[in-house]
Amino acid sequence: PADLQFIALCLIPMLALLVLLHRGLQLYSFDPLYFKSIGFPERLIRFVLSGMTVIMVTLGIQAMGVILMAALLIIPPAAAKFWVNRMRPLIVLSVIFGLLSSLFGTYASFTATHMPTGPWIVVIASFILFISMLLAPQRGILQRAGQQRKNRGVIQRENGLKLMYHLSRGGKESVSIKSLGEIHSKIIKYLVRQGWLEVQAGHMVLTDEGRKKGASIVRKHRLWELYLTSRLGLPADHVHNEAEALEHLISPELERELMEQLGHPTLDPHQQKIPPYES
């Protein structure tokens, strides 16, 4: 009880300093040069931040030890960073993760024999970090893997549609199904479901919507090739792969801006026609 009372008494001025100096501590942590340039007392804030860190570690030494206490200072914010993008929610979530780690770690040590408290607190905190790395909605491993898989699917389908556009000479001719060996059957079925392809007596033909979509992909590719050669000075025979990657990332707004910047060109660096923009 005496230890808890002492920690609680130390906690009150620490929280007061965090509230009063929150803006200064935040600026100093992220950009010390800017912090100094706008007239904040750099030495004072550095002293307060260092002093608070030392005091927190000192308070936790008796329960956890220096190394484990340092881990408890680092792991909760690291876990919280996977969930939020702003400073204040990150602080709140860090506190919550620290509390959960302490509560469950202490409970595990209390209920099980020969289970030290400090290491179990860090084990629980590490488990929270692992879950955050795995399941966080934006930065989590599963979310990123799912997004990458989705992006690969989009690229494959757009490449299939672009190939159909080339084979059909801009959507003017039908294409025999037998000649579509380069396009995976799943991609063909997807393009048909989207209403971009139609089957007509053993041939595939682009619909008006499919022709516009295919022309858009080809246009983006050739605009990027022209931009890379005319604005960045790259050789014309070295820009295909870069344009192949960039064509899937450009939005319609950026596409129109790119056309404006290039002066509504009609030919790419290889003297191939750039499909005109269709609203």
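For region 252-267, enumerate the residues that are hydrophobic (A, V, I, L, M, F, W, C) and in a loop (DSSP other than H, G, I, E, B).
Within region 252-267, just LEU262 meets the criteria.
Take PRO77 and tell me if it is at pLDDT below 90, within 24 Å of LEU15 (Cβ to Cβ) and out of contact with any Gly (no Cβ under 7 Å at 6 or more places or on another chain).
No.
Starting from region 97-110, keep only residues that are farther than 20 Å from PHE130 by Cα, then list their pairs with residues that are of a type outside the set (Val, Ile, Thr) whose Cβ atoms are within a distance under 6 Å, requiring at least 6 positions of separation or different chains.
SER109/MET115; SER109/TRP120
Can you report the number of residues in region 91-103 which are farther than 16 Å from MET69 by Cα and either surrounded by 15 or more Cβ atoms within 10 Å (Cβ to Cβ) or in contact with an Asp or Glu (Cβ under 9 Å, 6 or more places away or on another chain) (or both)?
Residues flagged as farther than 16 Å from MET69 by Cα and either surrounded by 15 or more Cβ atoms within 10 Å (Cβ to Cβ) or in contact with an Asp or Glu (Cβ under 9 Å, 6 or more places away or on another chain) (or both) within region 91-103 amount to 2.
Restricting to region 30-63, give me the number of residues that are open to solvent by 70 Å² or more (accessible area, probe 1.4 Å) and polar (S, T, N, Q).
3
Which of the residues that make up region 236-253 are farther than 15 Å from VAL218 by Cβ, surrounded by 14 or more Cβ atoms within 10 Å (Cβ to Cβ) and within 22 Å of the chain's Cα centre (by Cα)?
Matches in region 236-253: GLU242 only.
Just a yes or no: is a residue in region 78-98 outside any helix (DSSP H, G or I), more than 26 Å from LEU4 (Cα to Cα) and out of contact with any helix residue (DSSP H, G or I) (no Cβ under 7 Å at 6 or more places or on another chain)?
yes
From the residues in region 203-235 that are touching a helix residue (DSSP H, G or I) at 6+ places or on another chain (Cβ under 9 Å) and more than 28 Å from VAL175 (Cβ to Cβ), which one is least open to solvent (accessible area, probe 1.4 Å)?
LEU228
Within region 256-276, does at least one residue satisfy the condition of being of a type in the set (Val, Ile, Thr), surrounded by 14 or more Cβ atoms within 10 Å (Cβ to Cβ), free of Cβ contacts under 8 Å to residues at least 40 places away in the same chain and in contact with a Ser or Thr (Cβ under 8 Å, 6 or more places away or on another chain)?
No, the conditions are met nowhere in region 256-276.
Among the numbered conditions (1) under 30 Å from ILE188 (Cβ atoms); (2) open to solvent by 70 Å² or more (accessible area, probe 1.4 Å), tell me where GLY146 comes up short.
For GLY146, the exception is condition (2).
The values are calculated or read from the model by the stated rules, or taken from the named source; none is laboratory data. None of the values given here were measured: they were computed from a predicted structure. Here the Cβ is made from the backbone with ideal geometry for all residues, glycine too, and neighbour counts use every protein chain on show. To get the accessible areas, we keep the full protein, side chains included, count just its heavy atoms, and leave off ligands, DNA and RNA. Shrake-Rupley method; radii C 1.70, N 1.55, O 1.52, S 1.80 Å.
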